[in-house]
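> Sharing a structure below in structure tokens format, with a few things to ask.
The values are calculated or read from the model by the stated rules, or taken from the named source; none is laboratory data. Remember, it's a predicted structure, so these values are computed and weren't measured experimentally. Neighbour counts run over all protein chains shown; Cβ positions are idealised from the backbone, glycine included. Remember, those area values only see protein heavy atoms, side chains included, never the ligands or the DNA or RNA. Shrake-Rupley method; radii C 1.70, N 1.55, O 1.52, S 1.80 Å.
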Amino acid sequence: MATILNLESATAICSVSIGKDGTLLAIRETDEARSAGAVITVFTEEIIKESGIAFKELDAVAVSGGPGSYTGLRIGVSTAKGYCFALDIPLISISTLQAMAYGVSYKIKQGLFKDVLSPFTDENILLCPMIDARRMEVYTSFFNLDLETIKSDSADIIDEHSYEDILKDKKMLFFGDGSAKCKETFAHQPNAIFLDDNLPTASNMIALSEKKFNDKNFEDLAYFEPFYLKDFVATKPKNKFL
């Protein structure tokens with residue numbers, strides 16, 4: 001049983017939540033692009049005040065550990081480490097894609113999406129969170145409804161033949177900001193289902209971070225680095241005077 005601050009900044013979403021014993025106490029989030037650096041600590045202070053707890057009462061900080069935006073991940077991890085060092089509490093890392101899958105799995109188990117899932121049984125359903133990696137590339141991983149990993153995190157370039165062998169027998173639920181650009185490509189696949197408004201959020205981290213805390217599954221605070229999946233490549237400005 002723990003009080004955990006959860007930080008999600010791996011994508012364009014910046015989301016901060018506090019969970020106590022696996023239950024949401026407070027949350028703040030925005031989808032304004034490149035805003036994490038400016039709002040992540042402000043959001044934290046706001047939800048600390050709203051939830052009626054003090055910083056010193058936090059038992060751990062959980063951070064979305066990737067894959068995702070290089071800059072967003074750096075902001076989240078550096079902020080999480082700062083709180084952990086200052087408060088002498090452990091750091092927990094949560095897979096960004098697994099947290100996204102948790103949100104959809106939870107909704108399915110609450111009875112949502114019955115119309116699009118019928119007549120497939122649970123064992124024939126795959127959760128496929130996708131994070132935009134530019135052009136037709138996405139960061140993705142496949143999970144079953146129990147959040148067991150079926151395909152590990154990878155950077156995939158999507159075309160009309162992607163996952164076609166799996167789609168013959170499985171209903172695949174695609175969601176996240178990387179899935180929107182795949183809709184037209186998969187239009188010929190009846191078992192490809194696209195879910196809107198299922199983006200990364202710190203509320204989906206709460207149950208996962210609580211479990212990791214109870215299992216004492218902590219990161220090395222000094223050496224932990226986020227999972228970028230791909231090497232960071234700096235781009236040159238187009239303006240020759242810059």
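> Could you state the angle between the C-alpha long axis of helix 36-51 and the longest principal axis of the C-alpha atoms of the chain, as a value from 0 to 90 degrees rounded to the nearest 10?
The angle comes out at about 70 degrees.
> Taking all pairs of distinct Cα atoms, average 1/r, flip it, and tell me the Kirkwood hydrodynamic radius of the range 91-222 in Å to one decimal place. Mind dumping the intermediate values first?
Working: mean 1/r = 0.0651 Å⁻¹.
For the range 91-222, inverting the mean 1/r across all distinct Cα pairs yields 15.3 Å.
> Right, here's the next one. Output the pairs from Lys81/Lys151; Lys56/Lys216; Lys20/Lys151; Lys81/Lys211; Lys81/Lys230 with a Cα-Cα distance over 24 Å in this structure; if there are none, say none.
Too far apart for the 24 Å limit: Lys81/Lys151; Lys20/Lys151.
> Also, quick follow-up: In the calculated pair distance distribution of the range 12-107, what percentage of Cα-Cα distances lie above 20 Å?
35 percent
> When the distances between all Cα atoms of the chain are binned every 10 Å from zero, what whole-number percent does each bin get?
For the chain, the binned pair fractions read 8, 32, 33, 20, 7, 1 percent.
> Hey, in the GNM for the chain with a 10 angstrom Cα cutoff, which one of Gly66, Gly103, Gly52 fluctuates hardest?
Gly52
> Before rounding to the nearest 500, sum -39500 (n - 2.57) across all DSSP H runs of length at least 4 in the chain and divide by the residue total; then give [θ] at 222 nm in deg cm²/dmol.
Here the helix-only value at 222 nm equals -8000 deg cm²/dmol.
> A further question on this structure: If you look at just the Cα atoms of the range 184-228, how large are its Rg and its Dmax in Å?
Both quantities, over Cα of the range 184-228: 17.3, 48 Å.
> A further question on this structure: Tell me, what is a quarter of the convex hull surface for the C-alpha atoms of the range 65-161, in nm² with one decimal?
If you wrap the Cα atoms of the range 65-161 in a convex hull and average its projections, you get 8.2 nm².
> Based on the mean of other beta carbon atoms within 10 Å per residue, what is the order of 55-65, 75-85, 34-44, most packed first?
The densest-packed peptide leads the list: 55-65, 75-85, 34-44.
> While we're on this one: At what distance in angstrom do the alpha carbon centres of the range 186-235 and the range 1-76 lie from each other?
That distance is 14 Å.
> Next question. Give the carbon-plus-sulfur fraction of the accessible surface of the chain in %, rounded to a whole number; probe 1.4 Å, heavy atoms of protein chains only. Please report the intermediate quantities before stating the final value.
Numbers: 6380 of 12540 Å².
So the carbon and sulfur contribution to the accessible surface is 51 percent.
> For the chain, what is the accessible area per residue in Å², given a 1.4 Å probe and the full set of protein chains?
Computed with neighbouring chains in place, this is 52 Å² per residue.
> Given the options Ile92, Ile150, Ile27, which has the most mean-square fluctuation in a GNM of the chain, springs set between C-alpha atoms less than 10 angstrom apart?
Ile150
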